[in-house]
Amino acid sequence: MYDVTVIIPTYKEEANIKKIISEVDAVFKQNAINGEILIVDDDSPDKTIEIVNELKKTKPNLNIVVRREEHGLSQSVADGFVHASSDIFVVMDADLSHPPVRIPTMVSELRAGYDVVIGSRYMEGGGIKKWPLKRRIISIGATFLGRLLFPDISDPVSGFFAVKKSVVANTSLKPRGYKILLEVLGKGSWENDKEIPFEFVDREIGSSKLKLKTIIEYAEQVIDIALFSISHHESAAWKEWKRVFKFGLVGLSGIVVNMVVLWYLTEFVGFYYLVSSLFAIELSILNNFFWNDLWTFKAGGSHKLSSRWHRLISFHAVSAGGLVINMGILYLLTSVGGVYYLISNIIGILVGFGWNFMVNRRVTWTRR
Ligand code: GDD
Ligand code: MN
C-alpha cells in the first residue's frame with residue numbers, strides 16, 4: 001500500500017520513460033512521499049516495456065501494466081485507477097510535458113480536502129511552451145467545449161491532474177480519446193476542485209498521437225457527458241444547465257415587466273412611448289438582476305463581487321453589451337444580409353442571451 005500512485009500512460013515512449021520515472025522518484029524522495037509509479041502501456045512495439053522492466057529491478061515502487069485490448073490513452077488511465085495501490089492518484093504524461101515538481105502540491109491539496117486537483121495551463125501562472133499554432137487552436141476549441149460543461153474550471157481537458165480514489169471508484173467511466181479528466185469530472189463523484197497552474201512544455205522527442213479521430217471522439221464525449229448530466233441530476237454540469245434555464249426564465253419575466261411598464265406609462269401616465277421605454281428597460285434590468293442574484297446564482301459571500309451594488313453595476317454593463325449585440329445582429333442580418341427582420345431579431349436575442357449568461361456568469365457572479 002502506498003500513499004500516492006502516479007499513473008503514467010505510455011505508448012512508444014522509449015526515449016522519455018527513463019527520465020520521467022527518475023524525476024518522479026526523485027520528487028517522492030525529496031518530499032518524503034511513499035509513492036508508487038504505475039506505467040500503463042499499450043503494448044508498445046519499441047523498448048518502453050523492456051526499459052521499465054529493467055528499472056523495476058532497482059525500484060520496488062515501480063509497476064507496469066501492459067494492455068493488449070482497447071488501445072487508448074483514456075482507457076489506459078482508467079485501467080491505472082483499477083490497478084493502483086493507494087487512495088490518491090496523480091495522472092501525468094510520459095513525455096515530460098508535465099512537471100513532476102508539482103506533484104507534492106497536488107497531493108497536499110487533496111489532503112487539504114479537495115477531491116480533484118487540476119494542473120491548469122489556462123490560469124494565471126500557467127502556460128504552454130513551444131506549441132504550433134494549429135495545436136493551440138485545437139486546444140482552445142476543446143477547452144471552450146469543456147467549459148460549457150464546467151464553467152468554473154479553466155482547464156477541464158488537462159492531462160495533468162490528481163484525484164482521490166473515491167471519486168472514480170464506483171463510477172462507470174466510458175473512457176475514450178484523450179480527455180480522461182473531462183470524463184472523471186462528468187461522471188465521478190466529487191464536490192470541490194482546485195486548480196494549480198503549471199507550464200506545459202511540448203515534447204522534445206517523439207510525436208503526439210493526437211489525430212482527427214481524437215477530435216471527433218471528443219465531441220461525442222462532450223455530448224455523452226451532457227446527456228449523462230441530464231439523467232444524473234447531481235453533477236456539476238447539471239447544476240450549470242439549471243442555471244441557464246433559470247436565467248432564461250428570468251429573462252422572460254423581464255420581457256413581461258418591460259411590456260407592462262411600457263404600456264402603463266404610455267397609456268395611464270401619458271409619457272411619450274420612447275420615454276416610457278427607457279423606464280421599461282431599466283425596470284426590466286432591475287427585475288432580472290434581483291431574480292438572478294437571489295435565485296439563479298444565489299449570490300453571497302463566496303462571490304468575487306461580494307457587494308450587491310458592484311454586481312448590479314456589472315450586470316448593467318453586461319446587459320448594455322447584450323443590447324448592442326442584439327441590435328447589431330438585427331441590423332447586420334437585415335440591412336446587410338437581407339434577412340426578414342423578425343428572424344434576425346430571434347437570432348439577435350439568442351446570441352445576446354448567450355452573451356449575457358456567459359459574461360455575467362464569469363464577471364458578475366463569478367465565485368472566489
Ligand atoms: N497507454 C497509452 N495508450 N498511452 C498513450 C496512448 C495510447 O493509446 N496515446 C498516448 N499515450 C500516452 C503518451 O505516451 C504520453 O505519455 C501521454 O499519453 C500523452 O500523449 P501525447 O500524444 O504526448 O499527448 P499530447 O501531448 O498530444 O496531449 C496532452 O495534452 C493534452 C492537453 O492539450 C495529453 O496530456 C492530453 O491528455 C491532454 O488533453
Ligand atoms: Mn505530449
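The values are calculated or read from the model by the stated rules, or taken from the named source; none is laboratory data. As the structure is a prediction and not an experimental result, all values here were calculated from the model. Neighbour counts are summed over all protein chains in view; Cβ atoms, including those assigned to glycine, are modelled from backbone coordinates with ideal geometry. All accessible areas refer to the heavy atoms of the entire protein, side chains included, with ligands and DNA or RNA removed. Shrake-Rupley method; radii C 1.70, N 1.55, O 1.52, S 1.80 Å.
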Only unsatisfied item for Gly35, checking (1) in contact (Cβ under 8 Å) with a residue 12 or more places away in the chain; (2) exposed (fewer than 15 other Cβ atoms within 10 Å of the Cβ); (3) under 20 Å from Lys18 (Cα atoms), is (2)
Listed by range, strands (runs of 3 or more DSSP E) wholly within the stretch 157-271 having at least 3 residues that are within 16 Å of ligand 2 (Cβ to nearest atom) and within 30 Å of Val101 (Cα to Cα) are 199-201
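Scan the stretch 7-31 residue by residue and report those that are acidic (Asp, Glu) and either more than 8 Å from ligand 1 (Cβ to nearest atom) or without any contact (Cβ under 8 Å) to a residue 60 or more places away in the chain (or both).
Step one: list which residues in the stretch 7-31 are acidic (Asp, Glu), which gives 13-14, 23, 25.
Scanning the stretch 7-31 gives Glu14, Glu23, Asp25.
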Within the stretch 56-73, identify whether any single residue is acidic (Asp, Glu) and near ligand 1 (Cβ under 9 Å from one of its atoms), and answer yes or no. no
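Just to be sure I understand, how many residues within the stretch 299-322 are part of a loop (DSSP other than H, G, I, E, B) and modelled with pLDDT under 90? Walk me through how you get there before you give the answer.
Start the filter on the stretch 299-322 by keeping residues that are part of a loop (DSSP other than H, G, I, E, B), which leaves 299-302, 304-307.
Filter once more, keeping what is modelled with pLDDT under 90: 299-302, 304, 306.
Qualifying residue count, the stretch 299-322: 6.
I'd like the full set of residues that are surrounded by 15 or more Cβ atoms within 10 Å (Cβ to Cβ) and either more than 18 Å from the chain's Cα centre (by Cα) or at pLDDT below 80 (or both), limited to the stretch 198-209. Lay out the reasoning, then the answer.
Let us first name the residues in the stretch 198-209 that are surrounded by 15 or more Cβ atoms within 10 Å (Cβ to Cβ), namely 198-201, 203, 206.
Passing the criteria: Val201, Arg203, Gly206.
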Among the residues of the stretch 84-111, the number that are open to solvent by 10 Å² or more (accessible area, probe 1.4 Å) and within 11 Å of ligand 1 (Cβ to nearest atom) is 3
Checked pairs for the stretch 70-83, first in the same structural domain as Lys211 (by TED's automatic domain parsing) and open to solvent by less than 20 Å² (accessible area, probe 1.4 Å), second within 15 Å of ligand 2 (Cβ to nearest atom) and at pLDDT below 95, C-beta under 8 Å and 6 or more apart or across chains, list as Gly72/Gly177; Ser74/Gly177; Ser74/Tyr178; Ser74/Lys179
